[in-house]
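Since every read-out is calculated from the coordinates, none of them should be taken as a lab result. Fair warning: this is a prediction, and the values are worked out from it, not measured in the lab. When we count neighbours, we look across all protein chains shown, and the Cβ atoms used for this are built from the backbone with ideal geometry, even at glycine.
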Amino acid sequence: MVSTATSAGPVVGVLALQGGVAEHARMVEGLGARAVLVRRADQLAGPHGPRVDALILPGGESSAMDRLLRRLELFEPLRQAIGSGVPTLGTCAGLILLADRIRDPAPGQQSLGLLDVTVARNAFGPQLASAEASFEVAGVSGSGEGGRVLGALIRAPEIIEFGAGARPIARESGRILGATSNESSALGRITGVAFHPELRGDAALHRALLALAGPRGGANGGQEKRTGRSANRPRITSIASGFSSTSTKRRPSSAAAAPVVPLPAKASSTQSPGRDDA
Ligand code: GLN
């Protein structure tokens, strides 16, 4: 699955301490990149600079990842690599790790503080409230209807505040579920989304990440190999009920409600086998 062969495509480091690592590795390899599972600082940078062309911080449990990052002395090297401009995509817990500010952090929880947003952890309720949905993502054309990006919400955070350094890019029913650093390109170098496109096989955000990764990005012309996960999914049509609300979230006036339905009883099957912490 994760290639060791040389490849002309970009090298994408997937933070591999915990959580949904394999799905992201498969996605980028399907796009012609080489996935490197990052567990040590020397995988991020060497004497001649960064060793990865892009980074992905997966979903899982942000407080556990934070603890492991610090225990493995990877917190600061990761912060430096991303801060030095390596294009980075965080999903769910990865978004929380990137955020400047966390509402309802676990005791002692820290974040990398690289994306100028406040995220509210677990804003959509517990694991049982997991839902599949599609999301309007500015500048990114997903495989859902009207170019929406398909994703799953699993104990997802919500973005409730923006500073000057970030702007919203993903919305669903008036709630902001994605942010990117405030650069002129469609996607800034640091992007976080609250949902999991990798669990629905929607490669649009991964493709956009690779496009930022430099001249080698998109080496195979954006042709992805099918992961198969998006096949035969039921079409999703209305908003999931039971989402909790928070009083301070911003509701963009132009937000278009993306169609969603609550998942059926097997909702949590969007998780990979063996993942108990997404
Ligand atoms: N609620 C989790 C956290 O706080 C994130 C869940 C996920 O990544 N699916 O890290």
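For region 156-173, take each phi angle, set θ = phi - 60°, evaluate the Karplus expression 6.51 cos²θ - 1.76 cosθ + 1.60, and give the result in whole Hz per residue in order, putting x for glycine and proline.
7, x, 10, 8, 10, 8, 10, x, 5, x, 9, 9, x, 10, 10, 9, 8, 6
So for the pair Ala106, Asn122, with labels modelled 7 Å out along Cα→Cβ, what separation do we get in nm?
Using points 7 Å along Cα→Cβ, the separation is 1.1 nm.
So, counting K/R as plus one and D/E as minus one, what does the shell of residues with Cβ under 11 Å around Ile56 add up to?
My count for the surroundings of Ile56 gives -2.
Please compute the net charge surrounding Ser181, taking Lys and Arg as +1 and Asp and Glu as -1 over other residues with Cβ under 12 Å from its Cβ.
Local net charge: -1.
Find the relative contact order for region 1-95 and round it to a whole percent, using C-alpha pairs within less than 8 Å whose residues are 6+ positions apart.
31
Using modelled backbone amide H atoms (1.01 Å from N, in-plane), which distant-in-sequence or interchain residues come within less than 5 Å of Val38's amide H?
Amide H to amide H, under 5 Å and 5 or more residues apart or across chains, Val38 pairs with Val14, Leu15, Ala16.
According to the square roots a ≥ b ≥ c of the eigenvalues of the Cα gyration tensor, what is the shape class of region 168-209, taking rounded for a/c under 1.5, prolate for a/b larger than b/c otherwise, and oblate for the remainder?
Since a/c reaches 1.5 but b/c is at least a/b, the shape of region 168-209 is classed as oblate.
I want to check the label-to-label distance for Ala8 and Arg51. Put each point 7 Å from Cα in the C-beta direction and report it in nm to one decimal.
2.5
Mind listing the phi-derived Karplus ³J(HN,Hα) values for region 33-39, rounded to whole Hz, using 6.51, -1.76 and 1.60 with θ = phi - 60°, and x for any glycine or proline?
8, 10, 8, 10, 7, 8, 10
Find how many whole Å separate the alpha carbon centroid of region 31-79 from the alpha carbon centroid of region 127-180.
24
Taking θ as phi - 60°, what are the ³J(HN,Hα) couplings along region 43-51 by the Karplus curve (6.51, -1.76, 1.60), each to the nearest whole Hz, with x for Gly and Pro?
For region 43-51, the Karplus-derived couplings read 7, 8, 8, x, x, 9, x, x, 9 Hz, x marking Gly and Pro.
Do any trypsin sites (Lys or Arg not before Pro) in region 154-205 lie in a DSSP loop with no more than 11 other beta carbon atoms within 10 Å, and if so, which?
Loop-located and lightly packed - none at all.
Sort Asp104, Asp202, Asp42, Asp53 so that the residue with the fewest other Cβ atoms within 10 Å of its own Cβ comes first and the one with the most comes last.
Asp42, Asp104, Asp53, Asp202
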